[in-house]
Amino acid sequence: MYLNIKVVLCILILVCNIKVTEAQELNANQKEHVTTFIQNFKNKDIDAIAKNVTYPLRRKYPIAAIKDEKDFIKNYKQLFDSDLENKIINSDLNADWSTVGWRGIMFNNGELWLDYDGILIALNYQTKVEVDIEDKLITQDKEGVYKTLKNFERPVLILETSKFRVRIDELKDRKYRYASWPITSKMTDKPSLILYNGTFVPEGSGGNHKYVFKNGKYNYECYINVLGTSDTPPANLIVYKSGKEILSQNATLIK
């Protein structure tokens, strides 16, 4: 999943407001897993860290996901700068780590998440290296869309269902734009549907969220599932007419 900076800030603000009853201290077994995770950073054992990651590890669009251990090791410095390494190494098991229901183990208000076996499942932190890469990719990305869609500030995501390709971009007014094509079309083709004034809606503290677009009687909702079970799709596209669901399709996050 690839989130822009505004989205991540919204998620972090939400996470900072987790109810005390939801965030709990680690038990002995969880502390053991987190201690191993921390020790790998103390030992600078990148191979060991890479072996304990759920792949693909999603990054903020338009940055590509980390697809495997080899890719993780190659891009380690892009993912973890010295500031984040030091935060992890010097972290306190009781003050900086907590469990949040089914979502897993949260570090430092959601900068990263582990599952209950100590496996890295989400990294919301963004290094300066990634910020610079993101800026360059945004410039390139504008060349690959239909001429009237080039005026975005930041790309948010591209998802594909069995029938549709959907692109969401953030515009200058801090609203979101929805553009949709048949799956057989290219993004350089004229979209079959363009919607404006979309809103970002966070759902829970694990990073799951949705984008909502209203078009008369119709509501178009794109759900992004950052955390979930093994059966949870990366995304869902759901359309409502007058409050009644008329379309629901699982989706894959392309970027």
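Values in this text are rule-based calculations from the coordinates and carry no lab data. Predicted, not measured: the structure shown is a model, and the values here were computed from it. When we count neighbours, we look across all protein chains shown, and the Cβ atoms used for this are built from the backbone with ideal geometry, even at glycine.
The Stokes-Einstein estimate for region 5-129, based on a Kirkwood radius over Cα pairs and taken at 4 °C with 1.567 mPa s viscosity, is a diffusion coefficient of 87 µm²/s.
Entry note, region 59-199: relative contact order of 16 percent, from Cα contacts under 8 Å with a spacing of 6+ residues.
Label separation (L171 vs K241): 2.6 nm, computed from points 7 Å beyond Cα along the C-beta direction. Neighbours of I88, meaning other residues whose beta-carbon lies under 15 angstrom from its beta-carbon, give a summed charge of -2 when Lys and Arg score +1 and Asp and Glu score -1. Pairs of lysine residues in region 189-255 that meet both criteria, 8 or more places apart or on different chains and Cα atoms under 19 Å apart, total 7. Relative intensity of region 123-184 on a log10 scale, I(q)/I(0) at q = 0.13, 0.26 Å⁻¹, equals -0.41, -1.16, per a Debye sum over C-alpha point scatterers of equal strength in the absence of solvent.
The simple spin-label model puts a point 7 Å past each Cα toward its Cβ; for K214 and K70 those points are separated by 5.0 nm. Start at zero, step by 5 Å, and the Cα-Cα distances of the chain spread as 1, 6, 13, 17, 18, 16, 12, 8, 6, 3, 1, 0 percent across the bins. Compared with the dominant principal axis of the Cα atoms in the chain, helix 5-16 is inclined by about 50°.
In terms of distances greater than 27 angstrom between alpha carbons, the cross-link table entries K128/K172; K42/K67; K77/K172; K60/K175 yield K77/K172. Its relative contact order, with pairs defined as Cα atoms under 8 Å and 6+ residues apart, puts region 145-253 at 19 percent.
Compute the Cα gyration tensor for region 190-255, then decide on rounded, prolate or oblate, letting a ≥ b ≥ c be the square roots of its eigenvalues: rounded whenever a/c is under 1.5, prolate when a/b is larger than b/c in the other cases, and oblate in all that remain. Since a/c reaches 1.5 and a/b is larger than b/c, the shape of region 190-255 is classed as prolate. Arranged from fewest to most other beta-carbon atoms within 10 Å of their beta carbon, W181, W97 become W181, W97.
Across the chain, the mean sequence separation of Cα contacts (distance under 8 Å, 6 or more residues apart), normalised by length, yields a relative contact order of 17 percent. A Förster radius of 30 Å combined with the Cβ-Cβ distance from K163 to K136 puts the calculated FRET efficiency at roughly 0.40. Taking the Cα centre of region 145-253 as the origin and placing charges on Cβ (Lys, Arg +1; Asp, Glu -1), which of V239, I224, S180 is farthest toward the positive end of the dipole? Checking the options against the dipole of region 145-253, the answer is S180. Rounded if a/c is under 1.5, else prolate if a/b is larger than b/c, else oblate: which is region 145-253, with a ≥ b ≥ c the root eigenvalues of its Cα gyration tensor? Rounded shape, in that the Cα axes give a/c under 1.5. Set the Förster distance to 25 Å, then compute FRET efficiency between D117 and S82 from the Cβ-Cβ distance, nearest 0.05. Plugging the Cβ-Cβ distance into 1/(1 + (r/R0)^6) gives 0.35. Counting only aspartates and glutamates at least 8 places from K147 when in the same chain, those with an alpha carbon closer than 15 Å to its own are D169, D189. Per-residue ellipticity at 222 nm computed for the chain from its helices equals -7000 deg cm²/dmol, with DSSP H segments shorter than 4 residues left out and the rest contributing -39,500 (n - 2.57).
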